[in-house]
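Visitor: Below is a structure I'd like to ask you about.
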Amino acid sequence: MAMNVKPVPHLDEEVNEIRLATAEIVNEEILPVEEKLWGYSFDGSRVSKEAVREGVELRRQIQHKVKERKLWAPHLPPEFGGMGLSFLQHAYMNEVLAYSPGAASLFGVVAPNSGNQKILVKYGSPDQHRKWLIPLTEGRMQSGFSMTEPHNAGSDPRSIQTRAELDGDEWVINGHKWFTSNGHAADFFIVMCRTADPDDPGGVNDKMTQIIVPKNTPGVNVIRGVPVWGKASSHCEIKYENVRVPKENQLGRTGTGHRAAQDRLGAGRVYHCMNSVGSMWRTFDLMVERITTRVVHGGEKLEEKQFMQGFIADSYMDIQASRLMVVDCANKMESGVDPRTDISAIKIFVPAAYHRVVDRAIQVFGAKGVSGDLPLAGFYTGARTLRIADGPDEVHRILIAKNILRRYHAGETWDFGN
Ligand SMILES: Cc1cc2nc3c(=O)[nH]c(=O)nc-3n(C[C@H](O)[C@H](O)[C@H](O)COP(=O)(O)OP(=O)(O)OC[C@H]3O[C@@H](n4cnc5c(N)ncnc54)[C@H](O)[C@@H]3O)c2cc1C
């Protein structure tokens, strides 16, 4: 089934053109070959080399077409080979390309490389651009972002214990990280390090620095890929043991690591939520199609059953509410209004809505819903994971309440129109 994307009347021509061109690639190039793209075997048997080769070749062909249509790397400025989209344009593109799982990589957006690229664009020196950013954007290098630690709360980045100490003109890094995504393939990591103690002078958010660490530096020990949802993964546990890198490998000024992480996560959360909208859109299409065709007890189609009609209505509301919240948040980010309350709100609401929508679709499909023949099982675990990654729900709830209470304590009330 093709994704139904038409021009949105209130959007400007450029955004509509981007959405339509993206949908054309998704519908004509990606969906017809989706099962072959990743060389997967869903039946548990080994994947043949031929299937893997075919997947690689198909991906290469699609990426070529994406570049021809000038839809490559929406997150990057033109000087680094990207589309130079505004924040809102990129968000609107994501809801379309996320219709097919994994399609983002065919448009040049692959986490965590994409987040690292953005941080390198903003905080990197010209020399770092040449050495790390350009090879990353050209696909000659892979990267990881190494912040979370097994023995400290990832939900509170200020708890990080990995230390970097200056010895002459070198940083010496010691620490233990895990869930560094893409760790197996990465050529370098951006490592979040403590460069000042909590009681040293300076603000509480000025004690961390992000440092580029090539994986082949002595002392970088990738212990394992941590299994996720029962499967091997590339989310790696890494020990950094007396790792020495030149001082010029630090990103930005010493102490700006926390700020850089917030920059990365804030925008990233909006993009992730718009991706979730795209995945919900696909789920909805699959579910409704099934409801209109499956015949059950009494010779009736599922669509005659009110339980099923309820699933359609509830899912419609979940998707529409999510989409409008994310678009509103993206609008605020673009217009310079403080978006923090809304970012936290979408970070909680959208993954939960996504989870509900996929849960209903799985129920509608019965056994097929949990099978590997549909993207639903992947969407389901993905939606659940999103409630933890990039800050767990509870932390964002606390942030929303704090922001609102602060305003009421200041004698104001909340203005929902702005
Ligand atoms: C698939 C996946 C990929 C990831 N990729 C990366 C990556 O590439 N790089 C990286 O650095 N990290 C990555 N992470 C880690 C992720 O960012 C952390 O898991 C997340 O920030 C939560 O940290 P934690 O796991 O240490 O949980 P904790 O901080 O221990 O929190 C656990 C639970 O405690 C509760 N909680 C925490 N704080 C509060 C509070 N203040 N009030 C009430 N309840 C609270 C919440 O329910 C929370 O879920 C990834 C995680 C996953 C699952």
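Visitor: Return the residues of the stretch 220-275 that are among the aliphatic types (A, V, I, L, M) and surrounded by fewer than 20 Cβ atoms within 10 Å (Cβ to Cβ); say none if nothing qualifies.
Guide: Taking the stretch 220-275 and keeping what is among the aliphatic types (A, V, I, L, M), we get 220, 222-223, 226, 228, 232, 238, 243, 245, 251, 260-261, 265, 267, 270, 274.
V222, I223, V226, V228, A232, L265, listed by residue number.
Visitor: Restricting to the stretch 140-179, count the residues that are near the ligand (Cβ under 8 Å from one of its atoms) and among the charged types (D, E, K, R).
Guide: Going through the stretch 140-179 one residue at a time, the tally reaches 3.
Visitor: Taking into account only those residues within the stretch 227-251 that are away from the ligand (no atom under 11 Å from the Cβ) and aliphatic (A, V, I, L, M), which is farthest from D167 (Cα to Cα)?
Guide: Filtering first and then ranking leaves A232.
Visitor: If only one of D318, D373 is among the charged types (D, E, K, R) and within 30 Å of D415 (Cα to Cα), which one is it? Don't jump to the end; show me each part of the working.
Guide: On the way: D373 fails: within 30 Å of D415 (Cα to Cα).
Of the residues listed, the single one that is among the charged types (D, E, K, R) and within 30 Å of D415 (Cα to Cα) is D318.
Visitor: Any residue at all in the stretch 92-108 that's away from the ligand (no atom under 11 Å from the Cβ) and out of contact with any helix residue (DSSP H, G or I) (no Cβ under 9 Å at 6 or more places or on another chain)? Give the derivation first.
Guide: So the first thing to find is which residues in the stretch 92-108 are away from the ligand (no atom under 11 Å from the Cβ), and the list is 92-108.
Filter once more, keeping what is out of contact with any helix residue (DSSP H, G or I) (no Cβ under 9 Å at 6 or more places or on another chain): none.
Looking for residues that are away from the ligand (no atom under 11 Å from the Cβ) and out of contact with any helix residue (DSSP H, G or I) (no Cβ under 9 Å at 6 or more places or on another chain), one finds none in the stretch 92-108, hence no.
Visitor: Spot the failing condition for N403; the list is (1) over 15 Å from V228 (Cα atoms); (2) surrounded by 15 or more Cβ atoms within 10 Å (Cβ to Cβ); (3) within 14 Å of the ligand (Cβ to nearest atom), and only one is missed.
Guide: Result: N403 fails condition (3) only.
Visitor: Looking at R387, R397, R356 in this structure, which one is in the same structural domain as G310 (by TED's automatic domain parsing), under 16 Å from the mean Cα position of the chain (by Cα) and charged (D, E, K, R)?
Guide: On the way: R397 fails: under 16 Å from the mean Cα position of the chain (by Cα); R356 fails: under 16 Å from the mean Cα position of the chain (by Cα).
When all the criteria are applied, what remains is R387.
Visitor: Pull out all pairs, ordered by first then second residue, where Cβ-Cβ is under 6 Å, the residues are six or more apart or on different chains, the first lies in the stretch 303-331 and is of a type in the set (F, W, Y), and the second is in a helix (DSSP H, G or I).
Guide: Hits for this filter: F311/R360.
Visitor: Of the residues N113, N182, only one is within 12 Å of the ligand (Cβ to nearest atom), in contact with a Leu (Cβ under 8 Å, 6 or more places away or on another chain) and not basic (K, R); which? Working first, answer last.
Guide: Details: N182 fails: in contact with a Leu (Cβ under 8 Å, 6 or more places away or on another chain).
Just a single option satisfies the conditions, and that option is N113.
Yes/no matrix, rows are residues, columns are (1) at pLDDT below 95; (2) within 16 Å of the ligand (Cβ to nearest atom); (3) assigned to a helix (DSSP H, G or I); (4) at positive phi:
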{"site": "I348", "(1), (2), (3), (4)": "no, yes, yes, no"}
{"site": "P351", "(1), (2), (3), (4)": "no, yes, yes, no"}
{"site": "R356", "(1), (2), (3), (4)": "no, no, yes, no"}
{"site": "A361", "(1), (2), (3), (4)": "no, no, yes, no"}
{"site": "V364", "(1), (2), (3), (4)": "no, no, yes, no"}
{"site": "K368", "(1), (2), (3), (4)": "no, no, yes, no"}
{"site": "G372", "(1), (2), (3), (4)": "yes, no, no, no"}
{"site": "A383", "(1), (2), (3), (4)": "no, yes, yes, no"}
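Visitor: In this structure, does T148 turn out to be of a type in the set (S, T, N, Q), over 13 Å from I212 (Cβ atoms) and modelled with pLDDT of 95 or more? Walk me through how you get there before you give the answer.
Guide: Details: of a type in the set (S, T, N, Q): yes; over 13 Å from I212 (Cβ atoms): yes; modelled with pLDDT of 95 or more: yes.
Yes, satisfied.
Visitor: If only one of D415, D393 is away from the ligand (no atom under 16 Å from the Cβ) and over 19 Å from V228 (Cα atoms), which one is it?
Guide: Working: D393 fails: away from the ligand (no atom under 16 Å from the Cβ).
Unique residue meeting the criteria: D415.
Yes/no per residue for (1) surrounded by fewer than 19 Cβ atoms within 10 Å (Cβ to Cβ); (2) touching a Leu at 6+ places or on another chain (Cβ under 9 Å); (3) closer than 29 Å to T180 by Cα:
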site: D328; (1), (2), (3): yes, no, no
site: N331; (1), (2), (3): yes, yes, no
site: P339; (1), (2), (3): no, no, yes
site: A353; (1), (2), (3): no, no, yes
site: R384; (1), (2), (3): yes, no, yes
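The values are calculated or read from the model by the stated rules, or taken from the named source; none is laboratory data. Everything quoted here is computed from the prediction, not taken from an experiment. Neighbour counts run over all protein chains shown; Cβ positions are idealised from the backbone, glycine included.
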